[in-house]
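Nothing in this text is a laboratory measurement; each read-out follows from the coordinates by a stated rule. None of the values given here were measured: they were computed from a predicted structure. Glycine gets a Cβ as well: all are built from the backbone with ideal geometry, and neighbour counts include every protein chain shown.
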Amino acid sequence: MIVQNLDLMDPKRFADGIPYEHFRHLRDCAPVSRGTDTDGEPLWHVVRHQDVSAVSRDARTFSSSPTTMTSIRKVDPSPPIITFLDSPEHTRVRKLTFKVFAPSRLAALKVPVRGIVDLLLDEAREKGEFDLAEDIALRLPFEVLLELLDIPRRDRTTMLGWARRTVNLGDKEYGDDTGPDAFQQIHAYLNDFAHHRAAHPADDCFSLLLNARLNGAERLGLPDRLTPDEVGLFASTLVTAGIETTYCSVTGGVLALLDHPDELARLRADRRLLPTAAAEVLRWVTPVTHFARRPVADTEIAGQPVAAGEKTVLWYSSANRDERVFTDPDRFDIGRSPNPQLSFGGGGPHVCIGNGLAVLELREFLDGVADLLPLLELAEPPVRPETNFMNSVKHLRLRFR
């Protein structure tokens with residue numbers, strides 16, 4: 001049954017999964033509709049693919065400052081992370097950090113990423129029964145990112161504990177106030193590490209970021225290099241955001257393949273489908289359900305007047321199931337093409353800077369796990385968190401038959 005007045009800002013409404021029927025109703029009847037955040041602030045829900053993409057690309061009209069977060073995630077780090085910056089500051093940070101994700105660096109990570117995937121899967125085999133969310137989905141992006149950043153191995157167990165507390169923020173199992181503290185602990189560690197690298201350069205990403213220079217920055221009146229504090233903050237954002245996205249796509253992708261054995265058989269028979277399979281997993285799962293923007297001037301979205309400063313929530317989970325764009329959107333199809341999914345944002349300057357790394361991790365995982373999945377079954381029903389920000393599964397216990 002469609003609930004006409006469902007509160008999309010209430011995390012409890014997502015405890016059983018994304019309310020796709022409600023989003024379908026909104027797309028048909030109210031593509032831009034009124035809502036209220038948990039603190040009483042009025043906002044607009046934007047649910048169609050065309051409108052989500054248009055707002056995302058129009059960075060001149062729609063600002064990401066002071067935050068793109070809603071609900072319980074409206075804690076703003078100071079100074080603001082790259083996600084919360086507008087140009088020219090956003091452009092400066094993005095250009096100075098782009099080399100971390102250059103194609104040559106990503107290509108060099110393919111073998112190490114696959115090695116991490118194989119190691120985690122081997123550990124799962126040895127256990128016989130395991131929690132995919134805790135044992136693989138959380139650890140895979142964490143190990144990749146800390147390898148990328150060259151974090152000392154003696155500190156990784158502690159950092160993994162902090163990282164675990166940043167996912168599924170708002171769920172009672174993780175506590176209502178531990179997430180921001182965990183981010184601050186990660187930030188403090190990586191900030192100290194950035195200052196250490198500034199004094200003791202090495203052949204790693206921290207030194208690459210510290211040595212980067214931006215041509216023409218003086219014309220904009222902006223610094224041409226990142227400070228150690230800026231590098232530490234960027235690395236903290238990279239770790240937390242990078243873990244969350246892969247965490248959701250790995251668990252959601254496995255569930256999708258188990259629920260659609262014909263599609264799993266297609267993938268096992270033809271690994272050339274890995275690129276489209278990864279894109280379909282990202283569309284199907286949509287790890288980040290939404291972000292927010294604020295117009296800097298009075299404007300319209302799909303004919304609906306929106307006043308300057310009014311929070312506008314872009315629902316990627318709805319846009320990725322829009323019947324106006326995707327044929328049979330509720331069908332999981334690993335060969336779907338074209339597939340203009342918006343899981344890394346709707347395009348424009350704020351599209352996720354680490355999307356190439358996230359896709360690499362997902363492809364290597366799908367390639368590694370495909371032949372194991374026929375041997376696996378659910379040991380317990382999946383457990384979802386109470387959060388409206390990430391489409392995640394916090395516990396997914398599997399066992400070998």
**OP:** Apply 1/(1 + (r/R0)^6) to the Cβ-Cβ distance of ALA108 and ARG153, taking R0 = 25 Å, and write down the FRET efficiency to the nearest 0.05.
**Re:** 0.80
Original post:
Given a Förster radius of 22 Å and the C-beta distance between GLU41 and ALA308 as r, what FRET efficiency does 1/(1 + (r/R0)^6) yield to the nearest 0.05?
Top reply: 0.90
**OP:** Work out how much length ASP224 to ALA202 would gain on full extension: take 0.36 nm times their residue separation and subtract the Cα-Cα distance, in nm to one decimal.
**Re:** 5.8 nm
Original post:
In nanometres, what is the gap between the two model label sites at ARG271 and ARG125, each 7 Å from Cα along Cα-to-Cβ?
Top reply: 1.5
**OP:** Kindly write out, for the range 203-210 in residue order, the coupling ³J(HN,Hα) from the Karplus curve 6.51 cos²θ - 1.76 cosθ + 1.60 (θ = phi - 60°), rounded to whole Hz, with x marking Gly and Pro.
**Re:** 8, 9, 5, 4, 5, 4, 5, 5
**OP:** Treat each spin label as a single point 7 Å out from the Cα along the C-beta direction, and report the GLU380 to HIS25 distance in nm.
**Re:** 3.3
Original post:
Looking only at the range 268-299, which residues have a backbone nitrogen under 13 Å from a spot 7 Å from the Cα of ASN355 in the C-beta direction?
Top reply: 279-280, 282-283, 287-288
Original post:
Rounded to the nearest 20 Debye, what is the dipole magnitude of the chain about its Cα centre when Lys and Arg each give +1 and Asp and Glu each give -1 at the C-beta?
Top reply: 880
Original post:
Can you pick out the pairs among LYS127/LYS394; LYS99/LYS127; LYS172/LYS311; LYS95/LYS394 whose Cα atoms lie more than 29 Å from each other?
Top reply: LYS99/LYS127; LYS95/LYS394
Original post:
Where the centre of each part is set by its Cα atoms, how far does the range 352-385 sit from the range 292-314, in angstrom?
Top reply: 36
**OP:** Express the relative contact order of the chain as a whole percentage, based on alpha carbon pairs under 8 Å and six or more residues apart in sequence.
**Re:** 28
